[in-house]
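Report on the structure given below.
The values are calculated or read from the model by the stated rules, or taken from the named source; none is laboratory data. All of these numbers come straight from a predicted model, not from anything done at the bench. Cβ coordinates were reconstructed from backbone atoms using ideal geometry, including for glycine residues, and neighbour counts include every protein chain displayed.
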Amino acid sequence: MPHYVAMIPARLGSKRIKKKNLRMLGDKPLIAHVIDTACKSGEFDQVYVNSEAVELEAVAQRYGARFYRRLPELASDDATNDQFALDFMNAVPCDVLMQINPTSPFTGVEDLRRARKMFEEGYDTVLAVKEMRVEAVHKGEPVNWNPLGQMPPSQLLEPVYVFSNGILAWRTSVFRRNMEQRGCAVYGGDGRTGYCIVRGDATLDIDNEEDFMTAEAVLQRIHRATAPVRYWEPDANAAGHCETDVGSILQKDGVDEVDLEDANQEIINITKLLESLPKNRSSSKRVINSLSNSATVISQMPGEGNRRHYHSDWDEWWLILEGQWDWEIEGQIRRVCAGDLIFIPRHRWHKVTAAGDCRAIRLAVSRDKVAHIYSD
């Protein structure tokens, strides 16, 4: 079986961000994020931190990685990636070396697995890239667009790929051969090179103070509970006014008896419930009221009904249990009868009026405190 080793290179010195790899990102130093990911992935026989600094050795040990101390001259500004990678290969035998840069703290386990799988598919070098569907220019010439043509939808553009820097990996035998023959090997040389596409947060590369601030914001978002998707809505006051209290809404709709208590019984016999409702005056009984939905049986006399309104953030439906109703939606009126199921999408003005010569009953299913926006 091929021997896979992960190497996390980290110098202590950094000109743009002081001691960048030791700076805290969330509750642990920057470098620890990729150490954790590499160790938890289960893709490597060993995980190493490669540095000249004893401080980074302590971090490696704290988070479960081994430590390789490179020579100080291989940590200078003049040292190349080719040089310190070859130095590491000479000291730590492996068939595949995957370099995971700590400046891409959101590189994920799946990214590492996809990169490793590419070696199983026959690649000799794997480099992380990000896909961009934008118009690209190289040396003043368009790459993936026609300056004489119309602007196409972005999804139809031929994608371009740029380095992401989070992952660089090599089959060590090919790396050594390229170093011997060409004096460089990072980009793949004469071997078969593949590009591992990374997306989302994994594409972030921390190079300056602004990048670090972005990383802190990303980390806060990751650990924050997912907020519901929201969209801008017209000001309810511009349409009239907004009401949310179910009891008050039913009373204003002319319902004489409003019962919102004793909901959520395990079993409710609807036939018996309908028999218990008054025959000659309007009434309502809420039967369900949970975090996700609310259901209320509403009985009204001929000519009674609700006021014209719409819901800005909720879809509603009714099941007609008894009698007939004139259902108006967006100005169109339809007669609905017992057994009909009515769906009212959000944003659509609607109104219902009991028809016929006896009471009409519907089961209104919505949610407690949902906004009812009225035209007056």
Condition broken by residue 169, with the remaining ones in (1) assigned to a strand (DSSP E or B); (2) on the phi > 0 side of the Ramachandran plot satisfied: (2)
Hits in region 109-121 - residues which are surrounded by fewer than 17 Cβ atoms within 10 Å (Cβ to Cβ) and either touching an Asp or Glu at 6+ places or on another chain (Cβ under 9 Å) or of a type in the set (A, V, I, L, M) (or both): 109, 113
Only one of 127, 86, 112 is within 24 Å of the chain's Cα centre (by Cα), closer than 30 Å to residue 8 by Cβ and of a type outside the set (Gly, Ala, Ser), namely 112
State the number of residues belonging to region 338-362 that are within 22 Å of residue 273 (Cα to Cα) and not β-branched (Val, Ile, Thr). 12
How many residues does region 97-122 contain that are of a type outside the set (D, E, K, R) and assigned to a helix (DSSP H, G or I)? 5
Scanning region 219-235 residue by residue, those modelled with pLDDT under 90 and surrounded by 16 or more Cβ atoms within 10 Å (Cβ to Cβ) turn out to be none
Taking region 198-218 as the search range and keeping residues that are part of a helix (DSSP H, G or I) and touching a helix residue (DSSP H, G or I) at 6+ places or on another chain (Cβ under 9 Å), which one is surrounded by the most Cβ atoms within 10 Å (Cβ to Cβ)? 215
Condition first: of a type outside the set (Lys, Arg) and under 20 Å from residue 90 (Cα atoms). Can you find one or more residues in region 155-166 that meet it? no
Among the residues of region 288-295, are any surrounded by 18 or more Cβ atoms within 10 Å (Cβ to Cβ) and touching a helix residue (DSSP H, G or I) at 6+ places or on another chain (Cβ under 8 Å)? yes
Matching residues, region 47-81, being of a type in the set (A, V, I, L, M, F, W, C), in a loop (DSSP other than H, G, I, E, B) and in contact with a strand residue (DSSP E or B) (Cβ under 7 Å, 6 or more places away or on another chain): 65
Can you tell me which residue is surrounded by the fewest Cβ atoms within 10 Å (Cβ to Cβ) among those in region 1-23 that are in contact with a strand residue (DSSP E or B) (Cβ under 8 Å, 6 or more places away or on another chain) and assigned to a helix (DSSP H, G or I)? 22
Taking into account only those residues within region 282-300 that are at pLDDT below 95 and part of a loop (DSSP other than H, G, I, E, B), which is farthest from the chain's Cα centre (by Cα)? 290
Within region 21-54, how many residues are charged (D, E, K, R) and farther than 26 Å from residue 76 by Cα? 5
Out of (1) under 17 Å from residue 111 (Cβ atoms); (2) out of contact with any Ser or Thr (no Cβ under 9 Å at 6 or more places or on another chain); (3) in contact (Cβ under 8 Å) with a residue 60 or more places away in the chain, the odd one out for residue 164 is which? (2)
Restricting attention to region 24-46, and to residues there that are at pLDDT 95 or above and either over 27 Å from the mean Cα position of the chain (by Cα) or in a loop (DSSP other than H, G, I, E, B) (or both), which single residue is surrounded by the most Cβ atoms within 10 Å (Cβ to Cβ)? 44
Residue hits (region 161-177; surrounded by 15 or more Cβ atoms within 10 Å (Cβ to Cβ) and either touching a His at 6+ places or on another chain (Cβ under 6 Å) or among the hydroxyl-bearing types (Ser, Thr, Tyr) (or both)) are 164, 172
Determine whether residue 171 is in contact with a strand residue (DSSP E or B) (Cβ under 6 Å, 6 or more places away or on another chain), farther than 30 Å from residue 29 by Cβ and among the basic types (Lys, Arg). yes
Give the residue that is surrounded by the fewest Cβ atoms within 10 Å (Cβ to Cβ), with candidates limited to residues of region 265-279 that are charged (D, E, K, R) and in a loop (DSSP other than H, G, I, E, B). 266
Among the candidates 141, 180, 158, single out the residue that is loosely packed, with under 12 Cβ neighbours inside 10 Å, under 30 Å from the mean Cα position of the chain (by Cα) and over 30 Å from residue 222 (Cα atoms). 158
